[in-house]
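Here the structure comes first, spelled out in structure tokens, and everything after it is commentary.
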Amino acid sequence: MENTLDNPHDYPLLVLASTSPRRQELIHTLQLPVEIEPSNEDETVDIHWAPYETVEQLALRKASSVARARRARGEGGLVIGADTIVVLRDTILGKPENEADAFRMLSSLQNEVHEVYTGVAIIDTLTGVEHVQHRKTAVWMRPLKPEQITRYIASGEPMDKAGSYGIQGLGAAFVDRIEGCYFNVVGLPISLLADMLKVYGIEKP
């Protein structure tokens, strides 16, 4: 028997705890009512956490912040938090601090395979039920010349992205192949999210 919970909402309102345009675009593919409410939670982490723990805890932290605020206002909804990191040989690469940091990251990633982890957390504002999972994708990047990296950084695309590249943008030209979910690398694994929503009685065809 499928493990589901009673859905107390009149309709399956989703609340995305993020202002990321990429995540907003992806969540709308579910064709469910969605509200956007940013989360400004602290993103410091325990250096001893494994990569999957890092993204799961950050995703949960983001969702929890918005869920608390909505509960205080008497508003319902399933709050969704997500966090993405790039991992190269056990080293976590987050968003670059500046152009020099972006150059360092891209130089280390070129001609190498790395892993992208995205954690997804869902919290039912009314019942407090939490559900947290993650997905991992392997990405092989092409060899890159320093001038290619410099031109890419000048485009501005790397500056708000984990690992300093966007697979859905100009950075796609740098990626040789992937193993796993493409949307996970973009920042929101839709198939994982759809499976997680089943726990709350929401199932898309």
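The values are calculated or read from the model by the stated rules, or taken from the named source; none is laboratory data. Not measured: the values here are computed from a predicted model. Because the Cβ atoms are built from the backbone with ideal geometry, glycine has one as well, and the counts that use them run over all protein chains shown. Note: accessible area is taken over every heavy atom of the protein model, side chains too, but ligands, DNA and RNA are not part of it. Shrake-Rupley method; radii C 1.70, N 1.55, O 1.52, S 1.80 Å.
What to note about this one:
- Residue in region 181-197 that is in contact (Cβ under 8 Å) with a residue 40 or more places away in the chain, in a strand (DSSP E or B) and under 18 Å from Thr54 (Cβ atoms) present: no
- For Thr150, the stated conditions do not hold, so it cannot be described as in contact (Cβ under 8 Å) with a residue 60 or more places away in the chain, of a type in the set (Ser, Thr, Tyr) and farther than 23 Å from Trp49 by Cα.
- Checking each residue of region 148-166 against the condition of being within 19 Å of Glu56 (Cα to Cα) and of a type outside the set (Lys, Arg) gives at least one match.
- Helices (runs of 4 or more DSSP H) fully within region 18-126 counting 1 or more residues that are buried (at least 19 other Cβ atoms within 10 Å of the Cβ) and in contact with a His (Cβ under 6 Å, 6 or more places away or on another chain): 51-72
- Verdict on Asn3 being closer than 18 Å to Val199 by Cα and either modelled with pLDDT of 90 or more or surrounded by fewer than 17 Cβ atoms within 10 Å (Cβ to Cβ) (or both): yes
- Within region 89-126, the set of residues being at pLDDT 95 or above, of a type in the set (A, V, I, L, M, F, W, C) and within 17 Å of the chain's Cα centre (by Cα) comprises Val116, Val120, Ala121, Ile122, Ile123.
- Subset of region 171-205 [among the small types (Gly, Ala, Ser) and open to solvent by less than 20 Å² (accessible area, probe 1.4 Å)]: Gly171, Gly187
- Of all residues making up region 127-170, the number that are open to solvent by 60 Å² or more (accessible area, probe 1.4 Å), of a type in the set (Val, Ile, Thr) and not in a loop (DSSP other than H, G, I, E, B): 1
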